[in-house]
Amino acid sequence: MAIAIAIAKKNTAKTPEVILPAYGCPDLVAAVLAQEAKPVLVDLVPGAPFMDLEQLKKAISSTTVALVGVGLLGIPERLDRLSQLCQDSGVTLIEDSAQCFPPASNRRQWADLIVLSFGRGKPVNLMGGGALLVRRNNLALAKQILEQFPLLEMKIGLGWKVKRMVFNLFLRRFPYFLLEKLPGLDIGETKFRALEEARRVALPEQLVFSGIHQFRKRLPIHRSYLAQLQLLKQAGWDFLDEETPSSNAQSVPRNRFAILAPSAHKRDLAERALNRAGIGASSFYRCILPEIDGVPEITGASSYPNARKFSDRLLTLPCHEDVTEADIALAAEVLIRSSQD
């Protein structure tokens, strides 16, 4: 929907282009293709989930309608710089804040459009749906575009409450472990799925406010990881949270704590050791966008070395409300021991 608004704003005669980071969720590609636009990928800077600004400038053309700044793993992009670049180029800036809450542009008027997600594994988890936030100067056009999408009314009845109960049951550690092992479910795997239809859903305000309230009650568990994993730096590991540009970002809860291993081999060893110990470690998307299973061929640069190295080194640890200090201490012990092997 955000991309549809961006296309309407610029109205280019040629195929519109949307710039994305080379490492990210394949749903970004699906959203671009669903609006018959062309995804253009940009490499990252070394050791961080931020797009390379020099390559970004080169990627912008007369047919570029939007730039998507992704807040990966709760770490906002450098939206202040992206915003200035978009203003100078006449390009719509979309903040993908699916993994960040609150969005960075909530405090500053950086993005033209903000996308939130309320799905599984997101900061505000309502078992699905999301929100599109629109700057007031874009509101009239946005209303015209959004009316083209079908509207569904969501009601919280007995069926929804049973679904929530089952959903929460299988999110617990042991049931989720069993689900991951079942063949055919592809739990935890990253695959491209084409977007057949986008729909608006009228979520009850009570449900949204309740989800936000629960999020605000959560503790910033990632700060305990930061304190207990300092020894990893001596073994060549890096912490992404220390690269956060927002001054108060350290106090905002994360869903995952992100670290970069010295190498892909060290990352894989640590991931296996952590999961054997019962800590739900994850390499997240594991590869760059052009290499994800099912992603259509994307024209552009032949390689994205920084994004590839980032995907090879990335390891994430859980930060949900059931993670205890004992879990974090165990994760630290396993990581430090595996880094010495």
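The values are calculated or read from the model by the stated rules, or taken from the named source; none is laboratory data. From a predicted model like this one, the values you see are computed outputs, not experimental measurements. Methodologically, a virtual Cβ is constructed for each residue, glycine included, from the backbone with ideal geometry; neighbour enumeration extends over all protein chains shown. These area figures cover heavy atoms from the full protein model, side chains too; ligands, DNA and RNA do not enter into them. Shrake-Rupley method; radii C 1.70, N 1.55, O 1.52, S 1.80 Å.
Quick look at the numbers
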| quantity | calculated |
| --- | --- |
| Straight-distance crosslink candidates among lysines, where the alpha carbon sits under 27 Å from Lys58 and sequence neighbours closer than 8 are dropped | Lys9, Lys10, Lys14, Lys38, Lys309 |
| Segment 282-321 - percent of accessible surface contributed by carbon and sulfur, probe 1.4 Å | 47 |
| Rel. contact order, % - alpha carbon contacts under 8 angstrom, at least six apart, the chain | 20 |
| Bridge type composition, segment 1-134 - antiparallel percent by DSSP, nearest 5 | 30 |
| Accessible carbon and sulfur surface of segment 1-50 relative to its total accessible area, %, 1.4 Å | 50 |
| Cα-based convex hull, segment 271-313, per residue volume (Å³, whole number) | 70 |
| By average C-beta atoms within 10 angstrom, highest first, the peptides 310-322, 327-339, 211-223, 64-76 | 64-76, 310-322, 327-339, 211-223 |
| Per principal axis, descending, Cα span of the chain in whole Å | 58, 52, 41 |
| DSSP beta bridge pairing in the chain, given as percent antiparallel to the nearest 5 | 45 |
| Orientation-averaged projected area, Cα convex hull of segment 22-119 (nm²) | 6.1 |
| Sulfur and carbon atoms: percent of accessible area, segment 95-137 [1.4 Å] | 42 |
| Exposure ranking of Glu36, Glu297 by accessible area [1.4 Å probe, largest first] | Glu297, Glu36 |
| Highest to lowest packing among 107-119, 46-58, 195-207, scored as the average C-beta count within 10 Å | 107-119, 46-58, 195-207 |
| Per residue solvent-accessible surface (Å²) - segment 276-339, probe of 1.4 Å | 46 |
| Helix-only CD estimate at 222 nm, as mean residue ellipticity for the chain, using -39500 (n - 2.57) per DSSP H run (n ≥ 4) | -10500 deg cm²/dmol |
| Compactness of segment 251-300 as Cα Rg over 2.2 N^0.38 Å, two decimals | 1.47 |
| Ile288 long-range amide H proximity, modeled H, under 5 Å | none |
| Relative contact order (percent, whole number), segment 261-341, Cα cutoff 8 Å, 6+ residue spacing | 47 |
| Accessible-area order (highest first, 1.4 angstrom probe) of the listed residues Thr15, Thr92 | Thr15, Thr92 |
| Global size of segment 270-341 as Cα Rg and Dmax, reported in angstrom | 15.7, 47 |
| Residue with peak Gaussian network fluctuation, the chain [Cα springs, cutoff 10 Å], from Val166, Val323, Val134 | Val166 |
